[in-house]
Amino acid sequence: MDEDTTFLRFRDLVERTGLPEADVKRFLRTYTGFFTSTRQGRTRLYSPETVGHLKQIAELESVGTAVPTIKGILRGGQAETEGEGDPEPGVEGGSIAYAGENLTLGVLSDMKNLQEAVRDLGEQVTSLAEKVAGHEQRLIGHQQQLRILRRDLDEQKTETLAKRMEKRNNPFWKRLFPGKGGTRR
């Protein structure tokens, strides 16, 4: 049998969707009227479309969509089977409600993309803030070293100036004849 037409057991749904078992159970219970299923003995089997619906529900819930809105979106996707999405007289291409639900799905998808972008930007800001903090610490260290070097330079200048002043106040003959000093009369 072709894999697309084979009905799936609960564990197959969990495996194919990649969702936690508890979420799949909750979705099947909450949105029970939106899944095609049959019983085979004690086992309930679901149509392959159920996998897509479960993934869609999980995606909608991840962006904070309420249960009534999700049900409306699922109804829009099943317009041919339930008859609720049939075109109204005078409206081309389907009902306004169906168009609104499709628009809502697009907006929700955009919201999810924006939320991911915001999360990524938040991570980048955190990373940059850590880098800035590291650079600030290095800058503080460099400023301290600069103060020490300036102080040392000031001390050297003072010593050099003092030596020069001493040389100026001490005439060369006093340096040549240190024992004789004094002035002549």
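The values are calculated or read from the model by the stated rules, or taken from the named source; none is laboratory data. All of these numbers come straight from a predicted model, not from anything done at the bench. Note that each Cβ is placed from the backbone with ideal geometry, even for glycine, and that neighbours are counted across all protein chains shown.
Considering only residues that are farther than 15 Å from ILE73 by Cα and of a type in the set (Phe, Trp, Tyr), look in segment 1-58 and name the one that is nearest to the chain's Cα centre (by Cα). Out of the qualifying residues, it is PHE10.
Whether any residue in segment 44-52 is in contact (Cβ under 8 Å) with a residue 40 or more places away in the chain and over 23 Å from LYS112 (Cβ atoms) is what I want to check. Yes - at least one qualifying residue is present in segment 44-52. Here the helices (runs of 4 or more DSSP H) wholly within segment 16-98 that include at least 2 residues being modelled with pLDDT of 90 or more are 21-30, 49-62.
The requirement of being within 30 Å of VAL63 (Cβ to Cβ) and not assigned by TED's automatic domain parsing to the domain that holds VAL63 is fulfilled somewhere in segment 129-151, by at least one residue.
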